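Novice: Can you keep this structure in mind? I'll have questions shortly.
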Amino acid sequence: MPARRSLLLVVLFCAQLLSAASAAAVTWFQPAKTFSTGNGPNSIAVGDLNHDGIPDLVTAGYQSDSVSALLGNGDGTFAEHIDTYAPGLHFKVAVGLLNGDLFADIAVTNWYLNTVSVLLGNGDGSFGTPLDLPTGAYPDGVAIRDLNGDGKNDLIVVNSDDPGSVGIFLGNGDGTFGSRTDYGTWKGPTGLDVGDLNGDGKLDIVVANAGVNTVEHSVSVLLGNGDGTFMASVPYGTSRIPFAVAIGSLNGDSSPDLVTVGQYDSLSVLLGTGMGEFGSYINRSVPNGPRSVAIADFDLDGKADLSIVRQGLGVSVYPGNGDGTFGASMDLSTGLGPRSHIVADLNGDGLFDLAVADRGNVESGFGGTTVTVYLNCVPCASTAVSVTLLESTVVEGHVHLRWLTPRANGTMFGVLQRNDGSAGWADLAGPFAMTESQFTYEDANVADGSRHGYRLRLWDDGETR
């Protein structure tokens, strides 16, 4: 009689697991592609470097004295990187037109040198000799935008000293700039974003303040006057040590909201009023060291989603619920030590893709040398795996399992896993090629009265389903 009860438990558990596995078989991205870049890419930016209408990538190498350009092929792939000598401990890079010649230029912050380097593009992925502009102490985030509406792009640099500041360099339109004007922030500002926060048609700035104690962890909002000057910064509290901030409408009311990610595995959402003001932050745990965040509608459902680089994991996408909250993460692996990422349509299909700079651990001599690209494929019909449990029976202590896998085509692989109730899931068989439309397995290692769960995991072209 005890043996009969154990048989019934096995059959029911198998059916439940396969139903869950089939429901989780949808992804938004194609398998990862990696492209070589210079050593220790600490930051990444996107722009059209050769004026061919195709997005290109630029990375700034930490401790490598160079910047790297990867020219796009238009299909989401990239040519071999082109390196330009640019001495400095590079932290962040931005791309934009600075001298009116239609070839994108770049600006790179140099942490210990207290400078920002302007490199004018040659139109082929290479850049001219750096023009170094003095900044405040420990420059971090950088952006290129037209702040005064004169048709000439300006520079915004975050200075991470205590107290911190935002430095503004108004552009002359020829790759040179006027003297710097600083606006105070709270302590230790790092990342920034630029947008119209109060609906007046003038660009505003928000920076993430890492601070030095709990009270001073915040974002600073600087409302623009439209002439390249800004009002005094206003702080809004966040969770601990925010490194990055992004602007976007997260709850569907069209008012700009803010999201930050921080060192202590945290994400903060600050919903905006539409007047440049923000409510109290809503916190959520995001493990594995989040360092970079972006907002985009990846699945085209009209709700803003988040992409977050997690230094100990890779890049994760959080589907938006449309009310400022987010669903469970979709985790995507990258190279060693990811630190920064961009969101852009890299292959011209109208969908937002991801490119991640794999920085590695350069301080320990293990610098990364790759960029990881995930192309959006929503709706990803090719990844919808239909799996049906046909048989789960027990005969004389042997468990017989049989699944129908209609998509088995020789390029799909699988692994069978068993759960004994205490030790979690463990591989029982595989990996193996799924060359037939049915998969069968007999588990002879079943003790009388035991309880086991089984699941069949499939992947295609290297991407786990």
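The values are calculated or read from the model by the stated rules, or taken from the named source; none is laboratory data. Quick caveat: nothing in here was measured; it's all calculated off a predicted structure. Cβ coordinates were reconstructed from backbone atoms using ideal geometry, including for glycine residues, and neighbour counts include every protein chain displayed. Just the protein is used for accessible areas: all its heavy atoms, side chains included, with ligands, DNA and RNA removed. Shrake-Rupley method; radii C 1.70, N 1.55, O 1.52, S 1.80 Å.
Novice: Mind telling me which of the residues Thr229, Thr190, Thr185 ends up being under 21 Å from Arg284 (Cβ atoms), touching a residue at least 12 places away in the same chain (Cβ under 8 Å) and of a type in the set (Ser, Thr, Tyr)? Walk me through how you get there before you give the answer.
Specialist: Working: Thr229 fails: under 21 Å from Arg284 (Cβ atoms); Thr185 fails: under 21 Å from Arg284 (Cβ atoms).
Result: Thr190 is the single residue among Thr229, Thr190, Thr185 that is under 21 Å from Arg284 (Cβ atoms), touching a residue at least 12 places away in the same chain (Cβ under 8 Å) and of a type in the set (Ser, Thr, Tyr).
Novice: Report those strands (runs of 3 or more DSSP E) wholly inside segment 249-348 carrying at least 2 residues which are polar (S, T, N, Q) and open to solvent by 30 Å² or more (accessible area, probe 1.4 Å).
Specialist: Because the criterion is at least 2 residues that are polar (S, T, N, Q) and open to solvent by 30 Å² or more (accessible area, probe 1.4 Å), the strands (runs of 3 or more DSSP E) in segment 249-348 that meet it are 282-285.
Novice: Every residue in segment 40-77 that is open to solvent by 20 Å² or more (accessible area, probe 1.4 Å), within 21 Å of Leu354 (Cβ to Cβ), modelled with pLDDT of 95 or more and not polar (S, T, N, Q), please.
Specialist: Val46, Asp48, Gly53, Ile54, Pro55, Leu71, Gly74, Asp75
Novice: If we keep just the residues of segment 262-281 that are of a type in the set (S, T, N, Q) and within 19 Å of Phe326 (Cα to Cα), which is modelled with the lowest pLDDT?
Specialist: That would be Ser266.
Novice: A further question on this structure: How many residues are within 21 Å of Gly88 (Cβ to Cβ) and in contact (Cβ under 8 Å) with a residue 40 or more places away in the chain when one looks only at segment 135-152?
Specialist: The number of residues fulfilling the criteria is 8.
Novice: Follow-up question, since we're still on this one. For segment 117-233, please list each of the strands (runs of 3 or more DSSP E) lying entirely inside it that holds at least 3 residues being in contact with a strand residue (DSSP E or B) (Cβ under 8 Å, 6 or more places away or on another chain) and surrounded by fewer than 22 Cβ atoms within 10 Å (Cβ to Cβ).
Specialist: 131-134, 181-184
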